[in-house]
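Here it is, the structure in full.
The values are calculated or read from the model by the stated rules, or taken from the named source; none is laboratory data. Because the structure is a prediction, the values reported are computed rather than measured. Cβ sites come from the backbone with ideal geometry, for glycine too, and all protein chains shown count toward neighbours.
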Amino acid sequence: MTALLELSGVTLHFGGLKVISELDLVVSENEIVSLIGPNGAGKTTVFNLITGVYDPEEGDIRLDGRSLVGVVAHKRTKLGVSRTFQTLRLFLNLTVEENVMAATYCHTRSHVWQSILRTPFQRREERDVRALADDKLAFFGDRLAGYRRRQPAYSLSYANRRRLEIARATATKPRLLLLDEPAAGMNPVETHEITELIGRLRDEGGYTILVIEHDMHVVEGISDRVVALDHGVKIAEGSFETVATNERVVEAYLGLRATEEDAAR
Amino acid sequence: MDDRSQQPPDGPRIGADEWVARQGEHRRQNELTRRLGRAGERIHPAFRFFALVAGIAIFGIATSDQYYQRVGFNTLYYAALALGLNVVVGWAGLLDLGYVAFFGLGAYAYALLDSPKFHHHWPALATMVVVGFGCAIVGILVSLPSRRLFGDYLAIITLFFGQIFYNLVGNLSLTNGQNGMTNLDPLNFFGFHITTVRQYFYVALILFTVVTCVLWLVNNSRTGRAWRSLREDQMAAQLLGMPVNWLKLLAFAFGASVAGLSGTVFASLEVNIFPNNFYLSVLITLYAIVILGGAGSMPGVMLGAFTIIVGLEVLATPDNARLLFYAVIAAGLVLWLRPWFWVPIVIGGTVAFGFVVSAIATAAWPDATKPTSFGGQNLTMSSWVVELTNPTRGGAYAYGALIAAVLGVTLLKGWVQKVALIPVLYLAAFAWENELALNPSVTAEILLGALLITLMIVRPTGLLGQHRVEIV
């Protein structure tokens, strides 16, 4: 498998605080990698670095061999990076459908004058956009179907908002999908559904997925590989079993005492 | 491990949502009340708009009164202007306080290209093309330094640009300073000169139609969706691949272009233009239109323009204003007073109170008051509202006292408040008859302001605005 995303020696400070230090991370094509770690470990910052909210001070971020450092955020989306947000950032007053359609901006090409004249090219593109939105929403079965599609996004339940975020992210036609806590705030049934869904996203959608998740059942269920972060440093990497039983990971989550007790036992 | 990773086989089907299905049925059953609205919605917006334009065109043929034609012209060019502002404020969500400068820019461009000043007499279409594109380019240039700003900061910067424009045209010899540009040519299309007010009305109608169509088409395209996404969440929009800075410039360009074209049409009818035509009062009126109608909604902005412009005209006539004043008070009492029997008590009490007061006042100060008349056309008012012979000072005091009294009444509760309403209402009638009715133009604006405040309390989204949510 070839590496789609490559982070090498990425470092970032916020003032005197080292948020990410010397991070190396590789995500291969068609792989699902989970990023875990306690709160404040720097997981979302890694996403922000990949999507261009911040640029690393040192190191390089490569997508399919091409460096993303210095590339403006919206151009990175065009190159194939798309994400969801931990703190849901939907376009609340747009309809469900429009949320997805808006995200097709980066790969549609009609100019404003073409929109004004409604040229055949523009109309064809608009039809394609609609079809794409249908397709992306249909991925979630009944959840985002029916009259809901014409409702404003704020009328959706929390879980449905998470689904819509994923639908919107996939509408940019990404190669790499970054999911920031897709199961947060969901009930067990919905969590299970999301687990299954992430697998389908890879198998049917063909996306490479990097996911931040706190729910270890989800992480276990979906991950090809798990990367654990703490204080901006990678502390473990490997299969779920290896990482979950790694001493430093347990220590990061539960503190030193728990590890000692574990060792004493 | 845990059984959660293996869901029970007879659990809910993945992706199925019974609630949606049930809710769908429920909505179908309760649709009777909404059927009319739905029927309206089913008509394609293009047809609805066509019907509107046809209606306006017929109005132009039907009326021969130049005053009505002029009010129609004002409404139409204000509607076009407000639609342009709506692009920047309602769709892209950028608070632009320099918008009027582009209105002025269009007007002054016409004044320079089609007037005796430099003996240029361009064909109107050529001027309009230059103004349309020129204003768009200036709009982009002006917003370049502010493209990274939003919210209050952008408002301050744009206000500053508007002020610069006002000061420039007010002081440059090129624009004749405060003396303004005079004797502009009438619009000239291929040798055909637009001279009558009716013809200008139709020019404004064409402008309004073109602006509406172009903006509607843009709004229903990827650009419009991106603008509205930008308004909702700039960061999310950028991270989902929208070039937010470019989109902002584009919104400014569209707004500026529409404003410039409206300015051209305005200037050609006005014949003489002055810097004060393009100052803050116009900006405030435009914002009132956009907010009253509902920012972001095109039909809303049109309705807002109609309400404000026609409303101001209607209220400028004292009799209309008086009727509206008392009607609004009566309607307010009926809507607000609970239980219902307080309505006749308060209204009857006010009139009775008025008779007593006016009897005492005319007896005590016969010199200062007009005699109470129990006849004539104004029977009801002049028989119970004291009219001062010299209302200038007394009326002003009454007006001040009225504001204090209204604020005081809001602090009271229960029956005390309702009883206290009686003298306050009398004071309102007194202030009206002795002060406000004598200054119709000021009163019109006060009344309109009061209406706006009421509307914003009752319906903060504007007349046709969509319900908006900031954070959930």
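Being of a type in the set (A, V, I, L, M, F, W, C) and buried (at least 18 other Cβ atoms within 10 Å of the Cβ): is that true of B:Ala136 here?
yes
Take A:Val211 and decide whether it is crowded, with 22+ Cβ neighbours inside 10 Å and among the β-branched types (Val, Ile, Thr). Break it down into steps so the answer makes sense when it comes.
Values: crowded, with 22+ Cβ neighbours inside 10 Å: yes; among the β-branched types (Val, Ile, Thr): yes.
In short, yes.
Same structure again: Would you point out which residue out of B:Arg198, B:Arg222 is of a type in the set (D, E, K, R) and surrounded by fewer than 23 Cβ atoms within 10 Å (Cβ to Cβ)? Before the answer, list the steps.
Details: B:Arg222 fails: surrounded by fewer than 23 Cβ atoms within 10 Å (Cβ to Cβ).
Residue meeting the stated conditions: B:Arg198.
Only one residue in A:Thr45, A:Thr11 is outside any helix (DSSP H, G or I), more than 10 Å from chain B (Cβ to nearest Cβ) and not charged (D, E, K, R). Which one?
Sole residue among the options that is outside any helix (DSSP H, G or I), more than 10 Å from chain B (Cβ to nearest Cβ) and not charged (D, E, K, R): A:Thr11.
So, one more: Would you mind stating whether A:Ile212 is within 11 Å of another protein chain (Cβ to nearest Cβ), among the aliphatic types (A, V, I, L, M), closer than 24 Å to A:Gly80 by Cβ and touching a residue at least 60 places away in the same chain (Cβ under 8 Å)?
When the stated conditions are applied, A:Ile212 does not pass them.
I'm trying to understand the selection: among the residues of the stretch A:23-42, which are assigned to a strand (DSSP E or B) and surrounded by 15 or more Cβ atoms within 10 Å (Cβ to Cβ)?
Listed by number, the residues that qualify are A:Leu23, A:Leu25, A:Val26, A:Val27, A:Ser28, A:Ile32, A:Val33, A:Ser34, A:Leu35, A:Ile36.
Sticking with this structure for a sec: Taking the stretch B:145-159 as the region of interest, how many residues are within 23 Å of the chain's Cα centre (by Cα) and loosely packed, with under 15 Cβ neighbours inside 10 Å?
3
Yes/no per residue for (1) aromatic (Phe, Trp, Tyr); (2) crowded, with 23+ Cβ neighbours inside 10 Å; (3) within 12 Å of chain B (Cβ to nearest Cβ):
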| position | (1), (2), (3) |
| --- | --- |
| A:Ser110 | no, no, yes |
| A:Thr119 | no, no, yes |
| A:Asp128 | no, no, yes |
| A:Ala131 | no, no, no |
| A:Asp135 | no, no, no |
| A:Phe139 | yes, no, yes |
| A:Tyr147 | yes, no, yes |
| A:Leu156 | no, no, yes |
| A:Ala171 | no, yes, yes |
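What number of residues in the stretch A:96-120 are among the hydroxyl-bearing types (Ser, Thr, Tyr) and at positive phi?
0
Among the residues of the stretch B:312-360, what is the count of those that are of a type in the set (Gly, Ala, Ser) and either more than 14 Å from B:Leu427 (Cα to Cα) or not in a helix (DSSP H, G or I) (or both)?
So the first thing to find is which residues in the stretch B:312-360 are of a type in the set (Gly, Ala, Ser), and the list is B:316, B:321, B:327, B:330-332, B:348-349, B:352, B:354, B:358-359.
Okay, now just the ones that are also either more than 14 Å from B:Leu427 (Cα to Cα) or not in a helix (DSSP H, G or I) (or both), so B:316, B:321, B:327, B:330-332, B:348, B:359.
The total comes to 8.
Right, here's the next one. Conditions: (1) touching a Lys or Arg at 6+ places or on another chain (Cβ under 9 Å); (2) β-branched (Val, Ile, Thr); (3) under 30 Å from B:Trp91 (Cβ atoms). B:Val301 meets all but one. Number of the miss?
(1)
Could I ask something else about it? Counting only residues that are aromatic (Phe, Trp, Tyr) and without any contact (Cβ under 8 Å) to a residue 40 or more places away in the chain, give me the helices (runs of 4 or more DSSP H) lying completely in the stretch B:130-247 with at least 1 of them. Let's see the steps before the verdict.
Numbers: elements: B:152-171, B:197-219, B:222-232, B:234-239.
Of the helices (runs of 4 or more DSSP H) lying wholly inside the stretch B:130-247, those with at least 1 residues that are aromatic (Phe, Trp, Tyr) and without any contact (Cβ under 8 Å) to a residue 40 or more places away in the chain span B:152-171.
Would you point out the residue of the stretch A:58-76, among those that are assigned to a helix (DSSP H, G or I) and in contact (Cβ under 8 Å) with a residue 24 or more places away in the chain, that is farthest from the other protein chains (Cβ to nearest Cβ)? Break it down into steps so the answer makes sense when it comes.
Keep residues of the stretch A:58-76 that are assigned to a helix (DSSP H, G or I), which gives A:73-76.
Filter once more, keeping what is in contact (Cβ under 8 Å) with a residue 24 or more places away in the chain: A:74, A:76.
On the way: A:His74: 5, A:Arg76: 8 Å.
Selected residue: A:Arg76.
Any idea how many residues of the stretch A:80-100 are crowded, with 24+ Cβ neighbours inside 10 Å and closer than 23 Å to A:Gly205 by Cα?
Residues in the stretch A:80-100 being crowded, with 24+ Cβ neighbours inside 10 Å and closer than 23 Å to A:Gly205 by Cα: 8 in total.
Considering only the stretch B:415-456, state which residues are more than 19 Å from B:Val385 (Cβ to Cβ), at pLDDT below 85 and in contact with a Leu (Cβ under 8 Å, 6 or more places away or on another chain).
B:Val442, B:Ala444, B:Glu445, B:Leu448, B:Leu452, B:Leu455 - these are the residues of the stretch B:415-456 that are more than 19 Å from B:Val385 (Cβ to Cβ), at pLDDT below 85 and in contact with a Leu (Cβ under 8 Å, 6 or more places away or on another chain).
Is at least one residue of the stretch A:77-85 away from chain B (no Cβ under 11 Å) and in a helix (DSSP H, G or I)?
Within the stretch A:77-85, not a single residue is away from chain B (no Cβ under 11 Å) and in a helix (DSSP H, G or I).
I've got another one for you. Select from the stretch B:127-147 the residues that are under 16 Å from B:Val100 (Cα atoms), modelled with pLDDT under 95 and small (Gly, Ala, Ser) and list them in ascending order.
Scanning the stretch B:127-147 gives B:Gly139, B:Ser143.
Please work out if A:Asp55 is more than 10 Å from chain B (Cβ to nearest Cβ), surrounded by fewer than 21 Cβ atoms within 10 Å (Cβ to Cβ), under 19 Å from A:Val211 (Cα atoms) and at pLDDT below 95.
No: the conditions fail for A:Asp55.
Please verify whether the stretch B:261-271 includes one or more residues that are in contact with a helix residue (DSSP H, G or I) (Cβ under 9 Å, 6 or more places away or on another chain) and more than 23 Å from B:Val131 (Cβ to Cβ).
Kept after step one, since they are in contact with a helix residue (DSSP H, G or I) (Cβ under 9 Å, 6 or more places away or on another chain), are these residues of the stretch B:261-271: B:261-270.
When the remaining residues are screened for being more than 23 Å from B:Val131 (Cβ to Cβ), the result is none.
No: the stretch B:261-271 contains no residue that is in contact with a helix residue (DSSP H, G or I) (Cβ under 9 Å, 6 or more places away or on another chain) and more than 23 Å from B:Val131 (Cβ to Cβ).
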